[in-house]
Amino acid sequence: MRMIPLLAALAVGLTVCGPAPAATTPVAPVAVAPVAVAADYSQPGPYKVVAVEGEWRDPARDRTVPWLIRYPEGVSGPVPVVIFSHGLGGSRRGAVYYADHLVSHGYMVVMVQHPGSDVSIWQGQGIRPNFGNVDRAALARIVADPMVTINRFLDIPFALDQLALMNADGPLKGRMDLSRIGMSGHSFGAVTTQAMAGQVFPNGRSLPEPRFTAFLAMSPSGARNGDNDRAFGGVRRPFLSLTGTEDSFTISPGQGAAEAVADRQKPFAHLGGPSMLVLLTGGDHMVFSGRQEIGGPPRPLDGRHRLIIKAAALAWWNAWLKDDPKAKAWLKDGGLAGFTGPDAAVSWRGPDR
C-alpha cells in the first residue's frame with residue numbers, strides 16, 4: 001500500500017484552500033457546421049438498461065466500496081466500460097440520466113461510491129443537503145482531511161481490479177471490454193478523474209491510471225497553487241470538460257463566484273492532449289449531478305442542458321472508446337456546436353485538432 005507517499009503527495013495539493021487561479025486562457029470556439037447538425041447523440045439508444053449493485057471489500061484498507069453497475073440487456077460480446085465518481089455528498093445512485101443514456105447505446109457504466117465523502121456526510125455533521133445554504137466550512141473540513149482524498153483516489157484502481165475479477169467469472173463474465181475504459185466524475189469526482197488522468201500536484205507527484213483511454217470531467221477544478229501548466233500540461237490522453245457559466249459553487253475561502261467559474265475552465269486551457277470544453281449557458285453546479293438526489297427544484301434550462309450533456313458524452317465516448325471517426329468529426333467540426341446553439345459554447349484544443 002502506497003499510503004505514506006500518497007499522503008505526502010496529496011496533502012498539499014487537494015485542500016480546498018489556496019489562492020484564486022489566474023484568468024482562463026482564451027481558446028477559439030468550434031465553428032458551427034450545419035451539415036453536421038443532423039446527428040443527434042442526445043436520443044436514447046436501442047438497449048434496455050439492467051442494473052445490479054453490491055459492495056467490494058478491500059482488506060488492505062479495511063474499506064468497503066459500494067458500487068452500482070448498469071449494462072445493456074441483450075448485447076453479445078464485451079462492451080466498453082465507463083466509470084463514474086460522484087461529487088462530495090453524492091452516491092452511486094447519482095447521474096442516472098448520464099449512465100442510462102450511455103448504457104442504452106451499448107456501454108457498461110460503473111458508479112463507484114466513496115465512503116467518507118459520500119451521502120453519509122449529511123448525517124450527523126450539521127451540514128444541510130442544500131447547496132444554496134450549505135455549511136461550506138463543514139464541507140471544507142471534510143475535504144481538507146487528506147485521507148478522504150487519498151481513499152477516493154485509491155478506490156478507482158481498486159475498482160478496476162475488481163471489475164477484472166468480475167469479468168473473469170460470475171454473472172458479468174465476458175461482458176466488459178477492459179481495453180476500452182473511460183473515467184468520469186462530477187466536482188470532487190472530477191478531481192478524482194483529473195488525478196487518474198495524471199494531474200501533477202504541487203510537490204511534483206502524480207498518480208495516473210494507465211488503464212483508462214479517455215476522460216470526462218463535469219465541473220473540473222484548476223490547480224490549487226495556480227500553476228495549471230505544470231498541473232495539466234503532461235496530461236496527453238483525451239479529456240472533455242463540462243461546466244457552466246453559473247458553475248460557481250465553491251468551498252474555497254476567499255474565492256468569489258466569478259473566480260470559481262473561471263477555475264472550472266482551467267484544466268481545458270492547459271491540457272497537453274486532445275481536449276474539449278462544453279460551457280453551458282446558464283448552467284450551474286448541480287445540473288450535472290446532485291439536484292435529483294437532494295430534491296431541489298429543477299431550473300428552467302435543466303432539461304436542455306442535460307440533453308447537451310448526454311449528446312456530448314455519448315459522442316465523446318464513441319470517438320475514443322469505440323474509435324468512431326464520425327463521432328470525432330461531429331465533435332470537432334461543428335456538429336456539437338450546431339446542436340447546442342446559444343445554449344452552450346464549444347471549444348477544442350490540442351494536437352489532434
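What follows draws every value from the coordinates through simple rules; no lab data is involved. These numbers were taken from a predicted model, which means no experiment stands behind them. In this analysis, Cβ positions are derived from the backbone assuming ideal geometry, glycine residues included, and neighbour counts consider all displayed protein chains.
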Going residue by residue through the stretch 174-186, the Karplus relation 6.51 cos²θ - 1.76 cosθ + 1.60 with θ = phi - 60° gives ³J(HN,Hα) values, rounded to whole Hz and with x marking Gly or Pro, of x, 8, 10, 8, 7, 8, 9, 10, x, 10, 9, x, 10
Non-local residues with an amide H under 5 Å from the amide H of VAL235, with H modelled 1.01 Å from N and Pro and chain starts lacking one, are GLY272
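Highest mean first, how do 173-186, 321-334 rank when packing is the count of other Cβ atoms within 10 Å averaged over residues?
Working: 173-186: 20.8, 321-334: 18.1.
Highest mean packing first, the order is 173-186, 321-334.
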Excluding residues fewer than 8 positions from LYS173 in its own chain, the aspartates and glutamates with Cα under 15 Å of it are GLU73, ASP161
Phi-derived 3J(HN,Hα) across the stretch 156-167 with the Karplus relation (6.51, -1.76, 1.60, θ = phi - 60°), rounded Hz, x for Gly and Pro, is 6, x, 4, 4, 4, 4, 5, 5, 4, 5, 5, 6
Counting sequence-distant residues (5 or more places) and residues on other chains, those with an amide H built under 5 Å from that of LEU216 are MET183, SER184, GLY185, LEU240
Taking Cα pairs closer than 8 Å and at least 6 residues apart, the relative contact order of the stretch 266-353 in percent is 46 percent
Note on the stretch 238-334: the mean projected area of its alpha-carbon convex hull, in nm², is 7.4 nm²
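All other residues with a Cβ under 14 Å from the Cβ of SER241 taken together, and with Lys, Arg as +1 and Asp, Glu as -1, what is their net charge? Walk me through the numbers before you get to the answer.
Working: positive: ARG237, ARG264, LYS266, ARG349; negative: ASP247, ASP263.
Surrounding charge for SER241 is +2.
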Lys and Arg at +1, Asp and Glu at -1: neighbours of PRO78 with Cβ under 14 Å from its Cβ sum to +3
Length gained if LYS326 through ALA164 is fully extended, taking 0.36 nm per residue and subtracting the Cα-Cα distance, is 55.3 nm
Per the 1/(1 + (r/R0)^6) rule, R0 = 41 Å and r from the Cβ atoms of LYS48 and THR245, FRET efficiency to 0.05 is 0.70
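Counting only C-alpha contacts under 8 Å and six or more residues apart, can you give the relative contact order of the stretch 296-338 as a whole percent?
On the way: 21 pairs, mean separation 11.6, N = 43.
Taking the mean separation of contacting Cα pairs over the length of the stretch 296-338, I get 27 percent.
If we count other beta carbons within 10 Å of each Cβ, what is the order of THR213, THR340, THR243, fewest first?
Values: THR213 18, THR340 24, THR243 29.
Lowest to highest Cβ neighbour count: THR213, THR340, THR243.
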Projecting the Cα atoms of MET286, PHE268, SER252 onto the charge dipole of the stretch 237-294, where Lys and Arg contribute +1 and Asp and Glu -1 at Cβ, the residue farthest towards the positive end is PHE268
